1. List the helices (runs of 4 or more DSSP H) inside the range 327-421, counting only whole elements, that have at least 1 residues being at pLDDT 75 or above.
2. Find the residue count for the range 62-84, including only residues that are surrounded by 19 or more Cβ atoms within 10 Å (Cβ to Cβ) and in a helix (DSSP H, G or I).
3. So, in the range 105-132, how many residues would count as being β-branched (V, I, T), part of a helix (DSSP H, G or I) and surrounded by fewer than 23 Cβ atoms within 10 Å (Cβ to Cβ)?
4. Return the pairs, sorted by first residue and then second, in which the second residue is among the acidic types (D, E), the first residue lies in the range 413-427 and is crowded, with 21+ Cβ neighbours inside 10 Å, the beta carbons are less than 7 Å apart, and the residues are 6+ apart or on different chains.
5. Determine, yes or no, whether T177 is at pLDDT below 80 and within 21 Å of S267 (Cα to Cα).
6. Restrict the check to the range 133-154 and report whether at least one residue is in contact with a Leu (Cβ under 6 Å, 6 or more places away or on another chain) and either over 25 Å from I7 (Cα atoms) or modelled with pLDDT under 85 (or both).
7. Can you pull out every residue in the range 103-131 that is modelled with pLDDT under 85 and of a type in the set (A, V, I, L, M)?
8. Cβ-Cβ under 8 Å, sequence separation 6+ or interchain: first residue in the range 117-129 and free of Cβ contacts under 8 Å to residues at least 60 places away in the same chain, partner of a type outside the set (A, V, I, L, M) and assigned to a helix (DSSP H, G or I). Which pairs?
Amino acid sequence: MKLRTLIEAKIAGTTVLGRGGLRRLKAEKRAWVALVAVVGIAAAALAVGFLVFTNFRLIASIGAEIGRAEIVFLPAVVMVWVLGFFVAFPVMLSTLYFSRDARLLLALPIRPTQIVAANAAIGYFVLLGLEAVVMLTAFIAYAPYAGSAFLAQAVLTALVVPLLPLAVSILAAALLTRLVDVSRFRVGLEAAGMLLLTVGLVAIQGFFSRAAAGDTEALALVEGIAGFAAQFESRFPPVAWLARAMAATGWSAGLVVSGALGAAAASVAVIVVGRDYTRAVIAASESRKARPRSVGKAPMAQRPVWRALLAREIAILRSNSAFLFETAGEVAIFPILLAIFAFATPGELMTMIRDVVVAGGPIGVLAAFGALVLMGSLNTVAASGISREGRLVALSRALPLSGADHMRGKLALHIVLFYSSFVVNSAILVAIMRLDAWVVVIFAVAGYAFV
């Protein structure tokens, strides 16, 4: 089977982008699903692109003042490599070792190396999508300072950049499956990768927002980027080659060298993993089947209905990386935003906010609590618990329990997740505003009543 045919089959079989998937959606009168997916992806890309663009425009303008506007591509390349690994690693782990068609493909007259190469191509296309969001913003930020040969050389360089994180992701996924039983931790690894990706973007934006707001210390740090860029280029020449090649201002042969090294790394990764791929897939499959289920010493012991339903909600939550990421975003992003707010807000403005809260006495403390409640009202853990039912809704309806009983289980999960997040938010806010420690206790008690 040709590699191109195998890649097309993988795309058609694993996504709704294949012709078969689109026909199935039309037959089921659910073509709107594909439209919603496209709109959602486009909205996310625009949001991330705008966030990154503000950073790159600042770097390019500072670089232009010292005649080095091309240094904007240094953080762009590093960002694609780092974020690309967080994206490609779970993708390669899932498609190589936990895809439903992995063992089926091994039974066909296809070399294992071809299967690995097809999955690597899928990962490469995913990374190109991520890179398009990052690099397009860097292109726009650099365009006012670009030369005539910039666009053509930049596009060629962009095709080379994802090769290194792809190769590292393939090797890392293969190594991890050999060292541990990944089936136990796969969902957690995928969710952790997505959460780290989000946290990284928020943290980067927070730093540059502080710089753009005029904080002298942060501006001095950003203005020192030229010296940092020189040190970085001397220690990591491939990054410098790609950045200069993309800007069409430096050694164009660096593009050829970087492309050759990246292609060689990806090829070696595919060949190395392909040699042991059959054994690894079979071992991963057998491990999932043979893993004993933890049923406890007294599986029939009685317990309150709400506790049993809470345990069921937690089990559903842990079964899917998307569920975990959704929940982590709902309960963890606001504490992270509070911490970023403390760092990103200029010192003079932060002092003014503290003075207003402290001078207000009980009213100021009540206003701070109101802000926490307002942000907490955006939490949707309980509502999303209903959407997580999916095909299990028939089982839920078959249980001899009322709808109110099921909602108590979901409410218990909401309290466990949301209240713990609310207490953490309260502690962070009290620390930021430099309030008395006893305020945390008041917030915790009042917050439970709010929950």
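The values are calculated or read from the model by the stated rules, or taken from the named source; none is laboratory data. For clarity, every value in this text was computed on a predicted model and none was experimentally measured. FYI the Cβ positions are ideal-geometry reconstructions off the backbone, even for glycines, and counts take in every protein chain you see.
1. Here the list reads 347-359, 362-376.
2. Total satisfying the criteria: 16.
3. Counting residues in the range 105-132 that are β-branched (V, I, T), part of a helix (DSSP H, G or I) and surrounded by fewer than 23 Cβ atoms within 10 Å (Cβ to Cβ) gives 3.
4. L413/E313
5. yes
6. Within the range 133-154, none of the residues are in contact with a Leu (Cβ under 6 Å, 6 or more places away or on another chain) and either over 25 Å from I7 (Cα atoms) or modelled with pLDDT under 85 (or both).
7. Result: L104, L105, L106, A107, L108, I110, L130.
8. Going by the 8 Å Cβ cut-off, the qualifying pairs are G123/T95; G123/S169; L127/G84; L127/P165.
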